[in-house]
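Let me begin by presenting the structure, written as structure tokens, before commenting on it.
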């Protein structure tokens with residue numbers, strides 16, 4: 001019996017009106033997230049990054065590897081506040097992985113662009129990161145992966161709105 005099962009049994013024996021299965025499942029999602037983030041943090045630390053910094057680099061690489069994004073576009077894509085976004089970008093500028101550059105067509109617009117070392121770093125780290133995530137899900141059958149996707153999409157939509 002796992003620790004999660006003991007917690008569920010305690011909820012079942014109590015007088016709570018809360019669904020113990022839901023609590024147990026959500027707690028498991030939280031633990032899975034923690035394990036995945038801890039592993040990612042260890043991988044990124046080898047390169048002087050944290051998960052937040054990698055999130056910015058990977059977002060730029062994925063959405064606009066050569067043209068960059070405005071601060072607002074980056075903020076929207078990474079789902080963080082303006083202050084958090086500024087702090088992340090400042091750290092990456094200091095490290096030489098991104099730069100702020102005026103837009104070629106509108107000088108009032110500043111774009112955040114990967115530097116060559118930032119691009120090189122993302123392309124170095126990304127395969128191992130993706131392989132780790134793929135490995136984490138490798139114990140699931142294709143059908144289970146589809147179910148997991150459907151369920152997590154439904155939960156995420158209920159909590160944050162449609163994606």
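Things worth noting here:
- Normalised by the number of residues in the chain, the mean separation of alpha-carbon contacts (under 8 Å, six or more apart) gives a relative contact order of 17 percent.
- Cα-based helix-to-principal-axis angle, 20-45 vs the chain, degrees rounded to 10: 30 degrees
- When each of 104, 55 is scored by the number of other beta-carbon atoms lying within 10 Å, the sequence from fewest to most is 104, 55.
- Model label sites at residue 51 and residue 79, defined 7 Å from Cα along the beta-carbon direction, differ in position by 1.2 nm.
- Overall Cα dimensions of the chain, principal axis frame, Å, largest first: 64, 30, 29
- Here 59, 105 are placed in order of increasing Cβ neighbour count within 10 Å, fewest first, which gives 105, 59.
- Computed extension gain for residue 2 through residue 17, at 0.36 nm per residue and net of the alpha carbon distance, reaches 3.1 nm.
- Sorted on the mean count of surrounding Cβ atoms within 10 Å across their residues, most packed first, peptides 24-31, 136-143, 109-116 read 109-116, 24-31, 136-143.
- Only helices enter the 222 nm calculation for the chain: every DSSP H run of n ≥ 4 contributes -39,500 (n - 2.57), and dividing by all residues gives -23000 deg cm²/dmol, rounded to 500.
No lab work stands behind these numbers, since they all come straight from the coordinates. Values in this document were obtained by computation on a predicted structure and should not be read as measured data. Cβ atoms come from the backbone with ideal geometry, glycine included; neighbour counts cover every protein chain shown.
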